[in-house]
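All remarks here apply to the structure that follows.
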Amino acid sequence: MNESAAPARRLFFALWPDAPTRARLAAVARRCSQHPVAAENLHMTLYFLGACGAAQERCYSNVVSRIKFEPFEINLNYIDFWARPQVRWLGARVVPPGLTALMEALGAALATCGYQPDKRDWVPHVTLSRKDKNPHCETDLPKLEWDVREFVLAESVRLDGDLRYRLRGRWPAGV
Ligand code: 2AM
C-alpha cells in the first residue's frame, strides 16, 4: 500500500500512568462506576490530534522528540462530572508548573506541523467512566500522586466494538 492510501490513524498525545498508578486509578474508577474505563485505557490526554496520515504523524513525532522536560508530579485530588457527555473524571486542583511547561512546549512544537489546538480551555483530567447516569460518587480518594516521567503518542482503535489504545511512541523526561 502506498503511503497516501494508508488509512489515517486517530492519534493523541497523552500521559500514560505507570503500573502502580494505573492500578490506583482503576480502583477509584471501579468504586465510582458500574461501567468504568478499562484499566489499561486510563490516561490523561494532552493534545487530541484526530485523524492523521503517515506524513503528519512523522512530523509530530519528529518535532516532539526535541522537547526537553523535567519529571513532575500530579496530585489527582478531586472527582467531577461533565453532564453532557456523562463523563466522570479525576482532576488536579493545582496544575503543576511542569505540566503547564510540557503543554506549552508540545503546543508550540505541534504548531510547526500545522496543528491548531482546540479553542476550549484544556482541563487536565483522567476519564474514569463514560455514559455514566449517576453524577455522584461518594468515595474517599486515596493519595493519588502520579509521578510523570514520560509522554506518549497513542492511537485510538476499535477492536471487536471495544475502544483500545495502542502506543505509537514514548518520550522520556530529562533527556
Ligand atoms: P476524554 O478522556 O475526555 O474522553 C482519545 O479519544 C482521547 O482523546 C480521549 O481521552 C478523549 O478525552 C480525548 N479527546 C479530546 N478531544 C477529543 C475529541 N474531539 N474526540 C475524541 N476524543 C477526544
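The values are calculated or read from the model by the stated rules, or taken from the named source; none is laboratory data. None of the values given here were measured: they were computed from a predicted structure. Please note: Cβ atoms are built from the backbone with ideal geometry, for glycine as well, and neighbour counts cover all protein chains shown.
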task = For LEU128, indicate whether it is of a type outside the set (D, E, K, R), closer than 13 Å to VAL64 by Cβ and surrounded by 18 or more Cβ atoms within 10 Å (Cβ to Cβ).
result = no
query = Which numbered condition trips up ALA111, out of (1) within 14 Å of the ligand (Cβ to nearest atom); (2) more than 16 Å from the chain's Cα centre (by Cα); (3) exposed (fewer than 15 other Cβ atoms within 10 Å of the Cβ)?
reply = (1)
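Quick one: how many residues across the range 38-60 are within 16 Å of the ligand (Cβ to nearest atom) and either in contact with an Asp or Glu (Cβ under 6 Å, 6 or more places away or on another chain) or not charged (D, E, K, R) (or both)?
Applying the first criterion (within 16 Å of the ligand (Cβ to nearest atom)) to the range 38-60 yields 38-52, 57, 60.
With either in contact with an Asp or Glu (Cβ under 6 Å, 6 or more places away or on another chain) or not charged (D, E, K, R) (or both) added as a condition, the list becomes 38-39, 41-52, 60.
Final tally of qualifying residues: 15.
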inquiry  = Only one of GLU40, GLU73, GLU57 is of a type in the set (Asp, Glu) and more than 23 Å from SER156 (Cα to Cα). Can you tell me which?
reply    = GLU73
task = Considering each residue of the range 124-175, count those that are within 15 Å of the chain's Cα centre (by Cα), of a type in the set (A, V, I, L, M) and farther than 15 Å from PHE12 by Cα, and give that number.
result = 2
note = With the first residue restricted to the range 149-175 and required to be assigned to a loop (DSSP other than H, G, I, E, B), and the second required to be hydrophobic (A, V, I, L, M, F, W, C), Cβ contacts under 6 Å at 6 or more apart or on different chains are ARG149/ALA173; ALA173/PHE69
task = Give the residues of the range 3-37 that are free of Cβ contacts under 8 Å to residues at least 24 places away in the same chain, over 22 Å from GLU138 (Cβ atoms) and either among the small types (Gly, Ala, Ser) or within 11 Å of the ligand (Cβ to nearest atom) (or both), sorted by residue number.
result = ALA5, ALA19
note = Considering residues that are modelled with pLDDT of 95 or more, within 16 Å of the ligand (Cβ to nearest atom) and farther than 13 Å from TRP89 by Cβ, the number found within the range 119-147 is 1
query = Can you spot a residue in the range 61-79 that is under 23 Å from ASN41 (Cβ atoms), within 13 Å of the ligand (Cβ to nearest atom) and surrounded by 14 or more Cβ atoms within 10 Å (Cβ to Cβ)?
reply = no
request  = Go through (1) away from the ligand (no atom under 13 Å from the Cβ); (2) surrounded by 13 or more Cβ atoms within 10 Å (Cβ to Cβ) and name the single condition ALA83 misses.
outcome  = (2)
note = Selection over the range 46-75 where residues are within 23 Å of PRO97 (Cα to Cα) and without any contact (Cβ under 8 Å) to a residue 60 or more places away in the chain yields a count of 2
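Take ALA38 and decide whether it is over 16 Å from the mean Cα position of the chain (by Cα) and more than 18 Å from VAL123 (Cβ to Cβ).
Numbers: over 16 Å from the mean Cα position of the chain (by Cα): no; more than 18 Å from VAL123 (Cβ to Cβ): yes.
The answer is no for ALA38.
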